Amino acid sequence: MSLPRYVRLVEVGPRDGLQNEKQPIRVTDKVRLVNDLSAAGLAYIEVGSFVSPKWVPQMAGSTEVFAGIERHPGVTYAALTPNLKGLQAAIDAGVKEVAVFAAASESFSQRNINCSIADSLLRFQPVLEMAQQRGIRVRGYVSCVLGCPYDGAVSPHQVAAVCRELHAMGCHEISLGDTIGVGTAGGVRQLIEVVGRDVPRERLAGHYHDTYGQALANIYASLLEGIAVFDSSVAGLGGCPYARGATGNVASEDVLYLLQGLGIETGVDLARLIDAGSHISKVLGRESASRVARARAALR
């Protein structure tokens, strides 16, 4: 299969990247990050999440962040909304696209959202219905698609079953998340082959953590399977609070460098993206996890 000519990057740094940070991050710094990412040319930015501050304290200021950002025409500013209360808060904040989060592993579902996979899907039904009534698009996340920290290996057919349900409910796109980063290229291709029988490949996205250093290889494998949407996080921010040892998302800068080398268009400016990652890394008091950013910095 030929490679896609254009790839859409879904920037998850402001939400998935920052949600596990222990230190308080000012709303102004979050707003600056989103604005920097918009200026870099990213067309889809996950800004925050409307969840209980009890579970994810870092996302408590999402309403203020949405109020403070500069919204560029043609850019999607999305939020995670696990329930009707969160969806209503997102609507009130002017959000036009939201996401729901399911798991392909029963144990992970229980630890992450305190219910079974089946119950989580039932909970999402009213969220999808209300979103459709309000003209809001819903994206679905499926975690642990290539392995679970509690259950070990996860069958592609189990992943496909969850994806099929989310697609039938009305999720316009489903992101396949390798939450603990154990996947390899062969497993990725097999996963897409199986899931693609139930959900069109143009409706699928890849979300690969780099715990074992395989994220870019998995993205390339996905490109070969016709996937043209990938989640990534500027400066490699983020991990998962329910998956010990998961070192975080693949860095957006590194994904962009790969895609540019393949001649694939994204509309994103690498220099500006590196600058955005550099600034938020300084705010957090550490070096960017992007290898491309570090290599470029060493040349200066």
Highest-first arrangement of 60-67, 216-223, where packing means the average Cβ count within 10 Å: 216-223, 60-67
Please state the charge dipole magnitude for segment 8-298, taken about the Cα centre, from unit charges on C-beta atoms (+1 on K and R, -1 on D and E), reported in debye and rounded to the nearest 20. 400 debye
Given points 7 Å out from each Cα along the Cα-Cβ axis, report the Q190 to I264 separation in nanometres with one decimal. 2.3 nm
Most mobile of R15, R139, R123 per a Gaussian network model of the chain (Cα springs, under 10 Å)? R123
If you roll a 1.4 Å probe over the chain with all protein chains in place, what percent of the accessible area is carbon or sulfur? 51 percent
Please identify which residues in segment 210-234 have an amide N closer than 18 Å to a label point set 7 Å out from the Cα of R137, following the Cα→Cβ vector. 227-232
Comparing H207, H279, H72, which has the greatest mean-square fluctuation in the GNM of the chain with Cα pairs linked when under 10 Å apart? H72
Taking alpha-carbon centroids only, segment 153-214 lies from segment 30-65 a number of Å equal to 25 Å
Might you tell me the accessible area per residue for segment 8-298, computed with a 1.4 Å probe and given in Å²? 40 Å²
Only Cα pairs under 8 Å and at least 6 apart count here; give the relative contact order of the chain as a rounded whole percent. 21 percent
Read through the labelled values [x] 51, 43, 35; [y] 60, 49, 41; [z] 68, 39, 34 and report the label of the one computed as Cα extents along the principal axes in Å from the structure. [x]
Taking a label point 7 Å from the Cα of D151 along the Cα→Cβ vector, which residues of segment 162-205 have an amide N closer than 11 Å to it? 162
Listed highest first by mean packing, meaning other Cβ atoms within 10 Å per residue, what order do 227-233, 29-35 come in? 227-233, 29-35
Residues in segment 209-240 near a label at S2, defined as backbone nitrogen under 13 Å from the 7 Å Cα→Cβ point? none
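The values are calculated or read from the model by the stated rules, or taken from the named source; none is laboratory data. In this text, all values refer to a predicted model and were calculated from it rather than measured experimentally. All Cβ positions, glycine included, derive from the backbone under ideal geometry; neighbour counts span all protein chains shown. When the accessible area is computed, the model is the full protein with side chains, heavy atoms only, and any ligands, DNA or RNA have been set aside. Shrake-Rupley method; radii C 1.70, N 1.55, O 1.52, S 1.80 Å.
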